[in-house]
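> Here it is, the structure, as structure tokens.
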Amino acid sequence: MKDPFGYQGKTVVVTGAAGSGMGGTTVAKLLEFGADVYALDMKEVTLPVKKYIRIDLGKKGDIEDAARQLPARIDCLFNCAGLPGVPFSPFDVAVVNFLAARHLTELLLPRMESGGAIAIIASHAGILWQRRLDLIKGLLQIADWEKACDWLKAHADVNDGYRFSKKCLVVYAKWRAPELAKKNIRINCLCPGVTTTPMYGEYWEKRLTENEEHWRDQQGPSGRNATPEEMAWPLLFLNSDLASYISGVDLYVDYGRDGEREVGLKERHSTDT
């Protein structure tokens, strides 16, 4: 397939690279476009990537060991890995979703040259991050892994896991964008709406049985879930040459779900806060 994005020959790193979810679908397309893909995941990646590295993103040592196995130069980083919430604890979710993504990003940034790009999968659950901005900024200012973990434990009353971690990712991208711009490195977040992935399927079905009306409403005006491919394309765009003037953006891909709430066509639910 002809590559309109400019990935041919580029060295890219993808977390959450296994399976048929957003990360795995992104890997498949990157390979089609001729990228050299280094795939990180707990589960084995079966696609013909340049290298597969097993990693537990809940462990600082695993992240640092994986970083040591990656090339000296990296063009793009796709932070796709994450936990959905239940059955995991809020602390574990925040560690994997936010702290791990930040730690890996900061480890790899010195290997990125001008034109480098970072894309992070957040969520439409990251909306209204402004309401938690001062709190999140306090966490962002703690660079040390262990101390950041201590902060999360001490703020268990505000860390609900999934939503808080996704808000942290959005703020982190905006927070780092101005400094990275000096090096011509971009960083953005993709904020997907409800997407049918292997990870989310069981969670989605469980929630439907609890409150179908509410969870159907989460689909927005389209009345359906997105597919992983419908998220992979905008993710690929954000890290591509086509998006060379886009940085610090939280791109909501939810078929207008948040938009209809912003203009008052729908009321926000308590889960949006």
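The values are calculated or read from the model by the stated rules, or taken from the named source; none is laboratory data. Everything numeric in this text was worked out from a predicted model, so none of it was measured. Neighbour counts are summed over all protein chains in view; Cβ atoms, including those assigned to glycine, are modelled from backbone coordinates with ideal geometry.
> Give the residues of the stretch 225-273 that are closer than 29 Å to Lys182 by Cβ and part of a helix (DSSP H, G or I), sorted by residue number. Even if it seems obvious, please write down each step before you answer.
Here is the first cut: in the stretch 225-273, the residues closer than 29 Å to Lys182 by Cβ are 234-253.
Pro234, Leu235, Leu236, Phe237, Leu238, Asp241, Leu242, Ala243, listed by residue number.
> With a cut-off of at least 1 residues that are over 19 Å from the mean Cα position of the chain (by Cα), within 30 Å of Asp75 (Cα to Cα) and at pLDDT 95 or above, name the helices (runs of 4 or more DSSP H) lying wholly within the stretch 142-224. Show your work before the answer.
Numbers: elements: 145-154, 162-181, 198-210, 212-217.
Output list reads 145-154, 162-181.
> I'd like to check something: does the stretch 56-70 contain any residue that is charged (D, E, K, R), at pLDDT 95 or above, under 13 Å from Thr15 (Cα atoms) and out of contact with any Lys or Arg (no Cβ under 6 Å at 6 or more places or on another chain)? Break it down into steps so the answer makes sense when it comes.
Of the stretch 56-70, the ones charged (D, E, K, R) are 56, 59-60, 62, 64-65, 68.
Now drop any that are not at pLDDT 95 or above, which leaves 56, 59-60, 62, 64-65, 68.
Checking which are under 13 Å from Thr15 (Cα atoms) leaves us with 56, 62.
The next check asks that each one be out of contact with any Lys or Arg (no Cβ under 6 Å at 6 or more places or on another chain); those that pass are 56, 62.
Within the stretch 56-70, one or more residues are charged (D, E, K, R), at pLDDT 95 or above, under 13 Å from Thr15 (Cα atoms) and out of contact with any Lys or Arg (no Cβ under 6 Å at 6 or more places or on another chain).
Condition check ((1) of a type outside the set (Gly, Ala, Ser); (2) outside any loop (DSSP other than H, G, I, E, B); (3) surrounded by 17 or more Cβ atoms within 10 Å (Cβ to Cβ)) across all residues:
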| residue | (1), (2), (3) |
| --- | --- |
| Gly19 | no, no, yes |
| Leu31 | yes, yes, yes |
| Asp62 | yes, yes, yes |
| Ile74 | yes, no, yes |
| Pro84 | yes, no, yes |
| Val93 | yes, yes, yes |
| Leu107 | yes, yes, no |
| Pro110 | yes, yes, no |
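> Go over the candidates Lys51, Lys2 one by one and state the one that is surrounded by fewer than 18 Cβ atoms within 10 Å (Cβ to Cβ), without any contact (Cβ under 8 Å) to a residue 24 or more places away in the chain and within 23 Å of Leu107 (Cα to Cα). So that I can check it myself, show each step before the final result.
Values: Lys2 fails: within 23 Å of Leu107 (Cα to Cα).
From the options Lys51, Lys2, the qualifying one is Lys51.
> Among the residues of the stretch 55-70, what is the count of those that are touching a helix residue (DSSP H, G or I) at 6+ places or on another chain (Cβ under 8 Å) and not hydrophobic (A, V, I, L, M, F, W, C)? First the steps, then the outcome.
Within the stretch 55-70, the first condition is being touching a helix residue (DSSP H, G or I) at 6+ places or on another chain (Cβ under 8 Å), and the residues that meet it are 55-58, 60, 63-64, 66-67, 70.
Those still in the list that are not hydrophobic (A, V, I, L, M, F, W, C) too: 56, 58, 60, 64.
The number of residues fulfilling the criteria is 4.
> Hey, another quick one. Is there a residue being within 20 Å of Asp250 (Cβ to Cβ), in contact (Cβ under 8 Å) with a residue 12 or more places away in the chain and of a type in the set (Ser, Thr, Tyr) anywhere in the stretch 109-117?
Taking the stretch 109-117 first, the residues within 20 Å of Asp250 (Cβ to Cβ) are 109, 116-117.
Applying the additional criterion that residues be in contact (Cβ under 8 Å) with a residue 12 or more places away in the chain yields 109, 116-117.
Still in the running and of a type in the set (Ser, Thr, Tyr): none.
No, there is no match, as no residue in the stretch 109-117 is within 20 Å of Asp250 (Cβ to Cβ), in contact (Cβ under 8 Å) with a residue 12 or more places away in the chain and of a type in the set (Ser, Thr, Tyr).
> Scanning for something in contact (Cβ under 8 Å) with a residue 60 or more places away in the chain, surrounded by fewer than 18 Cβ atoms within 10 Å (Cβ to Cβ) and of a type outside the set (D, E, K, R), does the stretch 157-175 turn up at least one residue?
For the stretch 157-175, residues in contact (Cβ under 8 Å) with a residue 60 or more places away in the chain, surrounded by fewer than 18 Cβ atoms within 10 Å (Cβ to Cβ) and of a type outside the set (D, E, K, R): absent.
> Output the qualifying pairs, or none if there are none: Cβ atoms under 8 angstrom, residues six or more apart or on different chains, first residue in the stretch 224-243 and more than 14 Å from Ile120 (Cβ to Cβ), second residue modelled with pLDDT under 95 and part of a helix (DSSP H, G or I).
Going by the 8 Å Cβ cut-off, the qualifying pairs are Asn225/Trp204.
> Restricting attention to the stretch 37-60, report how many residues are in a loop (DSSP other than H, G, I, E, B) and out of contact with any strand residue (DSSP E or B) (no Cβ under 8 Å at 6 or more places or on another chain). So that I can check it myself, show each step before the final result.
So the first thing to find is which residues in the stretch 37-60 are in a loop (DSSP other than H, G, I, E, B), and the list is 42-50, 55-59.
Still in the running and out of contact with any strand residue (DSSP E or B) (no Cβ under 8 Å at 6 or more places or on another chain): 43, 46, 48, 56, 58-59.
So the count comes out to 6.
> Additional query: Tell me whether the stretch 34-47 contains one or more residues that are in contact (Cβ under 8 Å) with a residue 24 or more places away in the chain, more than 15 Å from the chain's Cα centre (by Cα) and within 20 Å of Ser123 (Cα to Cα).
no
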